[in-house]
Amino acid sequence: MTDYVPPKVWTWNKESGGRFASINRPIAGATHDKELPVGKHPLQLHSLGTPNGQKVTIMLEELLALGHEGAEYDAWLIDIGKGEQFGSGFVAANPNSKIPTLVDHSTSPPTRVFESGSILMYLAEKFDSAFLPKSGTARTETLNWLFWQMGSAPFLGGGFGHFYAYAPIKIEYAIDRYAMETKRQLDVLDRHLAEHEFMAGTEYTIADMAIWPWYGLVVTSGAYDAAEFLSVHEYKNVIRWANQLAARPAVRRGRIVNRAFGEPSAQLRERHDASDFDTKTQDKIAKD
C-alpha cells in the first residue's frame, strides 16, 4: 500500500520515473525545429521498430512480396528516446507525436497518415484492397479485429508492460489489474483462433498484421520477459497462429526495420532499398 493522496489539482513538477520518463510530458507540440528527410520513394515512413511500427513495415513488405512495386518505401528511424518525435517536421506530419507516421508523396500535396491502424487501412485501399476485403462480412470482420487491437493494446503495452517491466516501483494492484486484462485478451484470441486460421477467417489480413507484433511476440518471444508470469503456454492456438505468421518472409523482414535495440543481427535501423536487407549492408548499418 502507499500513503500517496492525490492533490486537488494535479501539476507537472517532476518526471514520473521509469524508462520513458524523459520524453513524457502533459503538453503537445514541437520542442525543436527539424524537418523530416525525404528519400527517393513516394512512401516515406518515419518510425521505430516497436510493435506499432512493425505493423506498418510488415504491411509494406507484404505488399512488395505481392508484387506492388509502388509500395517501395524509405523507412527513417525516429529515436523516441532522444525526443525526435517532437521535431517540427514530425509534429506537422503527426500532431500526436507518436510513431509510426507515413507521408505519401505520390499525392499533391503529400498525404500525411498517422495512427498505425489508419496507415494499414490507407495502404490496403491504395493498393487495390490488398489484405483487406473490399466488402461484405469479411471486410467487417477484418475491421472488427483491427479496431479490437487498437483499443486493446494500450492495456497490454501501456498497462501491463509499463507497470511490470518499466515502472520505477512495482505496484501490486497495477500489475494484477493489467495482468488480468492481458490474460483475458489472450483468452479472447485463443478461443477465436481455435476456430479460425487467421483473425478474419481463412484469409491473412491487416488484422493479423496489427495483432501479431503485440500478442504474437508475447507468446513466442517473451515480450517484457513475462512469458512465465503470464503462463503463455496456455494459449496454444495463439502460439500456433503466431508461429505461422513469424515464418512468413515479409514478416521476418518487416519486424527488423527501424529496429534500434536488441541483437545487432535483428536490426535494420533504416531501410531505403530492398538491398538493405543484405547481410553486408545490415552489418554496416548495425555498426553506425
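Read-outs: derived from the displayed coordinates by stated rules, not from any lab. Keep in mind it's a predicted model, so treat the numbers as computed, not measured. With ideal geometry, Cβ positions are generated from the backbone for all residues, glycine too; neighbour counts draw on all protein chains shown.
From the Cα gyration tensor of the stretch 136-254, with a ≥ b ≥ c the square roots of its eigenvalues, which class applies: rounded if a/c is under 1.5, or else prolate if a/b is larger than b/c, or else oblate? Display every interim value, and only then the final one.
Details: a/c = 1.95, a/b = 1.68, b/c = 1.16.
Note, shape of the stretch 136-254 comes out prolate.
At a 10 Å Cβ-Cβ cut-off, how would you order 8, 183, 82, fewest neighbours first? Please list the in-between numbers first.
Details: 8 5, 183 17, 82 11.
So the ranking, lowest neighbour count to highest, is 8, 82, 183.
How far, in nm, would the chain grow between residue 12 and residue 139 when pulled straight, counting 0.36 nm per residue and subtracting the alpha carbon separation? It would help to have the intermediate numbers written out before the result.
Numbers: separation 127, 0.36 × 127 = 45.72 nm, distance 4.38 nm.
Length gained, residue 12 through residue 139: 41.3 nm.
Quick check on packing: order 29-36, 43-50, 187-194, 110-117 by the mean number of other C-beta atoms within 10 Å, highest mean leading. Display every interim value, and only then the final one.
Working: 29-36: 12.8, 43-50: 24.1, 187-194: 16.1, 110-117: 18.8.
Per-residue Cβ counts within 10 Å, averaged per peptide and sorted highest first, yield 43-50, 110-117, 187-194, 29-36.
Can you compute the charge dipole magnitude of the chain about its Cα centre, using +1 on each Lys and Arg Cβ and -1 on each Asp and Glu Cβ, nothing else charged? Give it in debye, rounded to the nearest 20. Please list the in-between numbers first.
Details: 30 positive and 35 negative charges, 94 e Å.
That gives the chain a dipole magnitude of about 460 debye.
Listed highest first by mean packing, meaning other Cβ atoms within 10 Å per residue, what order do 74-80, 209-215 come in? Could you put the intermediate results ahead of the total?
Details: 74-80: 21.7, 209-215: 26.7.
Result, highest mean first: 209-215, 74-80.
Sum up the charges of everything whose Cβ sits under 13 Å from the Cβ of residue 190, counting Lys and Arg as +1 and Asp and Glu as -1, but leave residue 190 out. Intermediate results must be reported in sequence, preceding the final value.
Values: positive: 183, 184, 191, 236, 240; negative: 187, 195, 234.
Counting the neighbours of residue 190, the net charge comes to +2.
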